[in-house]
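Single-structure report; data block below.
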Amino acid sequence: MRVVIAGAHGQIARRLGRLLSGRGDTAVGIVRNPDHRADLESDGVEPVVLDLEQASVADVTAVVAGADAVVFAAGGGPNSGIARKDTVDRGAAVLLAEAAEAAGVRPYLLVSSIGVEQVADGATPEGMDEVFVAYLRAKLAAETDVLSRAGLSPMVLRPGSLTDAPGTGRVRLEHVTEHGEVPRDDVAAVLLELLDHPQDGLVVELLAGDTPVAEAVAALP
């Protein structure tokens, strides 16, 4: 499999890249910072330096052409402001979707966030930080755009609060869950399983749990 990962230097993305390369797949990682190339190469990932806030659809299409799937795991980062939540978490996700359609790559896996439904229909949760509200709105807008595209076979994964605890290989995958935590290791493992067993239009939430990853994905309706 050839998989293009946007935001490839992120913590979940690097884990996914190592899983793919470790089993002999080709992982191509899009990064903005050229200093990150060496890290990706050490993971067995082919780096492509491209700023998704500045790139054109044609630029990204050239990268994803010939891929079997694309994964959007980019984000503005915890220290970015409201503007970059929109340009990265929404805008770059939409750009990747447009490029995937143009290149004829249907499987599109979007890493979103649990809790996006709290800002549906313009709602502003009481007491929530305005930057986090902007983040959830950007993620929800990206989901809406990607899921509406007839030229894609999109999947949306909404992890809970991310931790660096060692993965257990056991998760809880449901269409609606409570709030909770999940190790980044297990998020990457679920992404890999979804790439192997795609489900068009899937939207699912992910927490730590008791079900082995393969069984949890196989059990999704």
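Key figures for this structure:
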item	result
Rounded to 5, the percent of DSSP beta bridges in the chain classed as antiparallel	15
Residue 177-residue 162 pseudo-label distance in nm [points 7 Å out on the Cα-to-Cβ vector]	1.5
Sites residue 130 and residue 23, calculated FRET efficiency, Cβ-Cβ separation with R0 35 Å, nearest 0.05	0.25
Among 155-166, 106-117, 124-135, the order from most to least packed when residues are scored by Cβ within 10 Å on average	106-117, 155-166, 124-135
Protein accessible area in the range 66-139, 1.4 Å probe - carbon and sulfur %	50
Summed side-chain charge close to residue 166 - residues other than residue 166 whose Cβ falls under 14 Å, Lys, Arg +1, Asp, Glu -1	-1
Within the accessible area of the range 1-54 (1.4 Å probe), percent carbon and sulfur	41
DSSP-assigned coil residues among trypsin sites (Lys or Arg not before Pro) in the range 103-162, each with at most 16 further Cβ atoms within 10 Å	149
Shape call, the range 86-221: gyration tensor on alpha carbons, a/c limit 1.5	oblate
Separation of the residue 57 and residue 214 label points, Cα + 7 Å toward Cβ, nm	4.0
Surface per residue (accessible, 1.4 Å probe) for the range 1-132, Å²	44
The range 142-185-the range 45-103 distance, computed between alpha-carbon centres (Å)	18
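The values are calculated or read from the model by the stated rules, or taken from the named source; none is laboratory data. Everything numeric in this text was worked out from a predicted model, so none of it was measured. Using ideal geometry, Cβ is built from the backbone for each residue, glycine included, and neighbour counts are taken over all protein chains shown. Note: accessible area is taken over every heavy atom of the protein model, side chains too, but ligands, DNA and RNA are not part of it. Shrake-Rupley method; radii C 1.70, N 1.55, O 1.52, S 1.80 Å.
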